[in-house]
1. Just one of the numbered conditions (1) more than 7 Å from every other protein chain (Cβ to nearest Cβ); (2) part of a helix (DSSP H, G or I) is not true of A:Gly320; which one?
2. Is region B:159-168 home to any residue that is surrounded by fewer than 18 Cβ atoms within 10 Å (Cβ to Cβ) and in a loop (DSSP other than H, G, I, E, B)?
3. What number of residues within region A:179-204 are within 25 Å of A:Val345 (Cβ to Cβ) and either crowded, with 18+ Cβ neighbours inside 10 Å or at pLDDT below 95 (or both)?
4. Report those helices (runs of 4 or more DSSP H) wholly inside region A:10-115 carrying at least 2 residues which are over 23 Å from the mean Cα position of the chain (by Cα), more than 14 Å from chain B (Cβ to nearest Cβ) and at pLDDT 95 or above.
5. Hey, among A:Ala154, A:Ala165, which residue is modelled with pLDDT under 95, farther than 23 Å from A:Met261 by Cα and not assigned by TED's automatic domain parsing to the domain that holds A:Ala226?
6. Identify the single condition in (1) crowded, with 21+ Cβ neighbours inside 10 Å; (2) facing chain A (nearest Cβ under 10 Å); (3) over 14 Å from B:Arg187 (Cβ atoms) that B:Ser277 does not satisfy, given that it satisfies every other one.
7. Residues that are without any contact (Cβ under 8 Å) to a residue 40 or more places away in the chain, at least 3 per element: which strands (runs of 3 or more DSSP E) completely within region B:195-284 meet that?
Protein chains: 2
Amino acid sequence: MPIVGVIGAGQLARMMIPPAVALGIELRVLAEAEDGSARLAATQVGDYRDVETVLGFARACDVITFDHEHVPQDVLRALVDAGVAVRPGPDALLHAQDKLTMRARLAELGIPQPDWTRAETAADLASFLDDHGGRAVVKTPRGGYDGKGVRVVADAAEAADWLEAGPVLVEELVPFQRELAQLIARRPSGEARTWPLVETVQRGGVCAEVIAPAPRVTDAVERAAAEIATSIAHGLSVTGVLAVELFEANDGRVLVNELAMRPHNSGHVTIDGHTTSQFEQHLRAVLDWPLGDTAALAEWGVMINVFGALPDDRIALALGHQPSAKVHAYGKGPRAGRKAGHVTVIGSDLDDVAYRARAAAASFD
Amino acid sequence: MPIVGVIGAGQLARMMIPPAVALGIELRVLAEAEDGSARLAATQVGDYRDVETVLGFARACDVITFDHEHVPQDVLRALVDAGVAVRPGPDALLHAQDKLTMRARLAELGIPQPDWTRAETAADLASFLDDHGGRAVVKTPRGGYDGKGVRVVADAAEAADWLEAGPVLVEELVPFQRELAQLIARRPSGEARTWPLVETVQRGGVCAEVIAPAPRVTDAVERAAAEIATSIAHGLSVTGVLAVELFEANDGRVLVNELAMRPHNSGHVTIDGHTTSQFEQHLRAVLDWPLGDTAALAEWGVMINVFGALPDDRIALALGHQPSAKVHAYGKGPRAGRKAGHVTVIGSDLDDVAYRARAAAASFD
């Protein structure tokens, strides 16, 4: 029985448990605290920033992978030096950890992306603003997620606090029709498989809803998204799941917004909606096992995030209202605004599927 | 978070883990040994025949259910007396534990079944043989499964050893076209839902293959099977999943062969093939939560049992050969003839689905 070690015990590690059980994989989780989402599979509680802790955990595993992208590079490199299989490896993962590194590398690979620059000073930022109609997106290179570490600015002074701490990434504010996400998995021996392109709907910088496949998508956009994801997966030697968040710009361009090198919110719909879920595929990929079919099980799937809490009585309510809804609870205590679970419905009619998914999710309002 | 306690740590308890994770249910398993299939969720190792052990385990759970039907009635009744919610309850479960009790009760309910008698002596058996063309099926009332405790006899002497130990069940040898299974779940408040009727293919008294739905089934047979299962579920106040194994007799009658009051091998196809799996439905039912939609996700599903072992390299082989196959390993050590896992494929063409499922399963030969 192969042993996959996961650093981090959040909902992504939790959702790896079902496919691990199915495939006879032993999942071991290094948790930050006793009460993590993936506590069922937690074999150790410890600090993922501590080399000795992570090394001790990793030595008993066949391969190490991640629930999040925050493991420091020195820890990752110590694992590799000790002969541990780390997937994705530190060289790949750096591009999901540092947005400036990501932009520079995607430029080298010729991947379409928004205009961008590295700004070290207010003057750098002011110059970019001048060249881009007076508005731009400023991002801290590290640590941002779910809208955190991102600001739309019209004046360099609005990013002064960040610039004091170091260089920032500045990006063109892309006028876009909508956001898309292209999920792909790649295994070390090179095999890669994409899932159908999805549309993601963000509210307040956080993913609220995913529609699979993206409705009314042209063949050209579909092809562009798959080519971008495939180029990045191979170009960066990604192993495991890679999520490429994309803008479908008003002018028709498909541009890379963000990368994640792990199962991703935009892929939760694959659990109930596709032959192979992103979590199963991730485990197969990091073990260098053959990848699974990514075909959809129905014409449409809609995934809605639930924030705050999923109390038991509300779960029963949702299941009663919508017998076809698949409810996923992350086993977290209640906290306003935090992703606590999601609901997926699949079927042949998009309006009906979306209605049922939203009605089930509304049970938690 | 509701706590469901499962007595027994076999593959049925194991396959309850994924839906428990999804629905935010805490699963606690009372295992017989450290290395049970469901060891990931095992919170205690102990003897399920010991009242104090089971009571101690059960007191911390919201509801108790089962991986197998072997928990003695005195233990079950002690749980009920202590105020524990036991689902299915001892009165219902008795009919899955004792085949003579089952036959007598189904007769009271007017459920179609093979001719049968309770034989206490060789003379009783000989008389039944005389009335039924000289051949009959003899079953020990308790403890039989997968062909064990079942003999076809032409002479009362062939069951002499069993008759010495006590009364036996004697049944008409039904000339049948095929075997079917009707799965249903019922919750305490009375809601019940059937899954589509399936065909089961047995080899050596053991389920080898399940085809969902049963091909070329008439409306009358489909209706009869659903009515039988519904009548039994309500008539016996079953809570949780009930599997009704049926004969489709040569003369067109649909007759009850066996009952199981738990998720059942004939329902494994529901994990990958239906909106709500039997394992999720069982958890929902025993918690008295609303039941889920049981619609199939594709026109056809084929499930093949794998016996002996599922070594890692063979799992990878199967996944490589058939990217659409869903492989389920039960985490057991190798042992010839023992159910070690199963493979399911779903799709729109039965021949193609069956070919792919058998090809994937053949990777383990």
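1. (1)
2. From region B:159-168, those surrounded by fewer than 18 Cβ atoms within 10 Å (Cβ to Cβ) are B:160-161, B:164-167; that's our starting set.
Then drop every residue that is not in a loop (DSSP other than H, G, I, E, B), which leaves B:166-167.
Scanning region B:159-168, I find at least one residue that is surrounded by fewer than 18 Cβ atoms within 10 Å (Cβ to Cβ) and in a loop (DSSP other than H, G, I, E, B), so the answer is yes.
3. From region A:179-204, those within 25 Å of A:Val345 (Cβ to Cβ) are A:179-185, A:193-204; that's our starting set.
Adding the requirement that they be either crowded, with 18+ Cβ neighbours inside 10 Å or at pLDDT below 95 (or both) leaves A:179-185, A:193-200, A:202-204.
Selection size over region A:179-204: 18.
4. Correct list: A:51-58, A:73-81.
5. Values: A:Ala154 fails: modelled with pLDDT under 95.
It is A:Ala165.
6. Failing condition for B:Ser277: (2).
7. Details: elements: B:198-203, B:206-212, B:240-249, B:254-260.
Because the criterion is at least 3 residues that are without any contact (Cβ under 8 Å) to a residue 40 or more places away in the chain, the strands (runs of 3 or more DSSP E) in region B:195-284 that meet it are B:198-203.
Residues are listed down the side, and each one gets a yes or a no for (1) hydrophobic (A, V, I, L, M, F, W, C); (2) farther than 30 Å from A:Val306 by Cβ; (3) within 18 Å of the chain's Cα centre (by Cα):
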residue	(1), (2), (3)
A:Gln177	no, no, no
A:Leu180	yes, no, yes
A:Leu183	yes, no, yes
A:Pro188	no, yes, no
A:Arg193	no, no, yes
A:Cys207	yes, no, yes
A:Val210	yes, no, yes
A:Ser231	no, yes, yes
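The values are calculated or read from the model by the stated rules, or taken from the named source; none is laboratory data. Quantities reported herein were computed from a predicted structural model and do not represent experimental measurements. No Cβ is skipped: glycine too gets one built from the backbone with ideal geometry, and neighbour counts run over all protein chains shown.
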